[in-house]
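None of the figures in this text is laboratory data; all of them are computed from the coordinates on show. Predicted, not measured: the structure shown is a model, and the values here were computed from it. Cβ: placed from backbone, ideal geometry, glycine included. Neighbour counts: every protein chain shown.
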Amino acid sequence: MDIDPRELIKSDDDPRGSERRNALLNTLVAITVSVLATFMGICKVKDDNIVQAMQQAQADKLDHWNFYQARNIRQDVAEAATVQFRLAKSAARRRRRRPPTTRRLPSTRRKQPTRRRRSRSSGPRPTTTRRPTTG
């Protein structure tokens, strides 16, 4: 079905031909609009599917990154705990090796006498002079 636009523009004196051309033009516009609307609807659905797939891929990428980070943190915590256990073990060995007669003697240093605090109420109170207010 080929459409010649010149046929649609020709003006005849026949009113029936003019009505028929207008009806044909209206039909062609309606068909074009419906085809374009259907095409745009299909493209919109396809676009939504693409966006959803991209969001899912991004979420998967973040999940993998978070798992990687959690694994590294768990490894660091395990290594730190291992170091702490080794240090505690060596400290316990050193305590066992120390002879039991070793102990700390009380300090022979004399205690300094504590100074007595001066009370605020003791002693004369300073006097203040008030200036008369002018008002």
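On full extension, the segment bounded by Thr38 and Ala78 gains 8.4 nm, given 0.36 nm per residue less the C-alpha separation.
Distance between the modelled labels on Trp65 and Arg94, one decimal in nanometres: 4.4 nm (7 Å Cα→Cβ projection).
Could you state the orientation-averaged shadow area of the convex hull built on the Cα atoms of the range 5-96, in nm² to one decimal?
Answer in nm², one decimal: 8.6.
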